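The values are calculated or read from the model by the stated rules, or taken from the named source; none is laboratory data. This is a predicted model, so every value here is computed, not measured. Methodologically, a virtual Cβ is constructed for each residue, glycine included, from the backbone with ideal geometry; neighbour enumeration extends over all protein chains shown.
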Amino acid sequence: MLRRALLAASASNRLRQLITTAPQTRAIVDSYVAGETADDAVRVTRALRAAGLLVTLDYLGEDTKDPAQAAAVTDEYIQLAGKLGAEGLTEGGAAEISVKPTAVGLFLGTRTATENIRRICAAAREAGTAVTLDAEEFAAIEPTLRIAAQLRADYHDLGCVIQACLRRSEADCRALASYGVRVRLCKGAYDEPESVAFTARRDVDSCYARCLRILMNGPGYPMLATHDPRLIQITGALAMLTGRAPDSFEYQMLYGIRPAEQRRLANEGARVRVYLPYGGDWYAYLVRRLAERPRNLAFFLRSLRSTS
Ligand SMILES: Cc1cc2nc3c(=O)[nH]c(=O)nc-3n(C[C@H](O)[C@H](O)[C@H](O)COP(=O)(O)OP(=O)(O)OC[C@H]3O[C@@H](n4cnc5c(N)ncnc54)[C@H](O)[C@@H]3O)c2cc1C
């Protein structure tokens, strides 16, 4: 209930104003976000690589309504890919790139988004790495998967994301697994209606487990994005059962969340990738993280009270 209310309130300009100007918010932002610039992101990537972790970088921002803004986000990603490549951070896909299709113009038309994503894929390839398209609100899912399928003809390593909360996801996993695609499986961070999504936690978790089984049994490259200890354990068990080599799948977690678990898995020989956001437009990302964790929310509300 609280999660739903907070996600709905994330559209409120008044709340945005309150959150982005509260001084104590900065401490929470800093724990989830690498910094404002590509250089900040590269610096944190270097540190994560030194700790044996893989990285996927996200330039914060979404739901772009302006073609010039979509082009500017695309240019930022192209520059970022160049910087990562020049630093040798992309070797073997060690640092890759995550793109939100709505940030590069999905809601301006699929043509705009497709061309922008194509440019980012080309820059990533030039730098020796790959791109994954994030999954966003329900209206963006179908066009995102279509763009990914189209671009995969030229960029076979273009990854996509499945949200276990969606009723369609098991079928999507089956289709993607049979093509041997790189698929990130997450629970889903958006508030969707009953008609298209499971809303009870246990139903989302069961769907995650079913999707996980499909992906782990398929010929593709599963990327299991969760901090949930039970699902991480099931992933390990399924890897043994299906005889998957440690380099044929990876765990993914968000920057700042369960860092000790990230290191533990990496030290055991697993591939672990950290999702690392950077940039000034952190508001929507932060609200989704607050909605996932009541303890963070309580801290944040206290900070608001003390500044109002
Ligand atoms: C690498 C990665 C990429 C993602 N990409 C997408 C995407 O493209 N589209 C999308 O919709 N969603 C994405 N997500 C978000 C995801 O859908 C979930 O909202 C988020 O990961 C929380 O779910 P969980 O699986 O960790 O399980 P939960 O049941 O939410 O959490 C399990 C445990 O993890 C810890 N934890 C979880 N969240 C937090 C937090 N915010 N702060 C501190 N501890 C926490 C707690 O210990 C909690 O008990 C991504 C997540 C990851 C890890």
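Let me confirm something: among Asp63, Asp75, Asp58, Asp40, which residue is touching a Lys or Arg at 6+ places or on another chain (Cβ under 9 Å) and over 14 Å from Lys100 (Cβ atoms)?
Asp75
Quick check, is Asp40 closer than 21 Å to Ala94 by Cβ and surrounded by fewer than 18 Cβ atoms within 10 Å (Cβ to Cβ)?
Here the answer is yes, as Asp40 does meet what is asked.
Applying the criterion of being out of contact with any strand residue (DSSP E or B) (no Cβ under 8 Å at 6 or more places or on another chain), touching a residue at least 12 places away in the same chain (Cβ under 8 Å) and under 18 Å from Asn116 (Cβ atoms) to the residues of segment 152-169, the residue that is surrounded by the most Cβ atoms within 10 Å (Cβ to Cβ) is Arg152. The lone criterion from (1) surrounded by fewer than 17 Cβ atoms within 10 Å (Cβ to Cβ); (2) within 15 Å of the ligand (Cβ to nearest atom); (3) more than 20 Å from the chain's Cα centre (by Cα) left unmet by Ser31 is number (3). The one condition from (1) surrounded by fewer than 20 Cβ atoms within 10 Å (Cβ to Cβ); (2) part of a helix (DSSP H, G or I) that Ser195 does not meet is (2).
Restricting attention to segment 154-171, the residues that are closer than 20 Å to Val99 by Cα and away from the ligand (no atom under 13 Å from the Cβ) total 5.
Scanning segment 204-259 for residues being assigned to a loop (DSSP other than H, G, I, E, B) and among the hydroxyl-bearing types (Ser, Thr, Tyr) gives a total of 2. Of the residues making up segment 127-143, at least one is more than 19 Å from the chain's Cα centre (by Cα), at pLDDT 95 or above and either more than 16 Å from the ligand (Cβ to nearest atom) or not aromatic (Phe, Trp, Tyr) (or both). Listed conditions (1) buried (at least 21 other Cβ atoms within 10 Å of the Cβ); (2) within 20 Å of Val161 (Cα to Cα) are all met by Gly279, apart from (2). With respect to (1) assigned to a helix (DSSP H, G or I); (2) at pLDDT 95 or above; (3) among the basic types (Lys, Arg), the lone exception for Arg273 is condition (1). In segment 177-195, the residues that are farther than 21 Å from Ile97 by Cα and among the β-branched types (Val, Ile, Thr) never reach a residue that is within 15 Å of the ligand (Cβ to nearest atom) and in a helix (DSSP H, G or I) with C-beta atoms less than 6 angstrom apart, at least six apart or across chains. Note on segment 56-84: among residues that are closer than 22 Å to Val287 by Cα and touching a Ser or Thr at 6+ places or on another chain (Cβ under 6 Å), the one that is surrounded by the most Cβ atoms within 10 Å (Cβ to Cβ) is Thr56. Taking each residue of segment 24-38 that is closer than 11 Å to Gly279 by Cα and looking for partners that are of a type in the set (Lys, Arg) with beta-carbon atoms closer than 9 Å, six or more apart or interchain, yields Ala34/Arg43; Gly35/Arg43; Ala38/Lys83. Answer with yes or no whether Thr226 is surrounded by 15 or more Cβ atoms within 10 Å (Cβ to Cβ), polar (S, T, N, Q), under 30 Å from Thr37 (Cβ atoms) and at pLDDT 90 or above. Yes: the conditions hold for Thr226.
The residue of segment 233-252 that is farthest from Arg263 (Cα to Cα), among those that are more than 16 Å from the ligand (Cβ to nearest atom) and among the small types (Gly, Ala, Ser), is Gly243.
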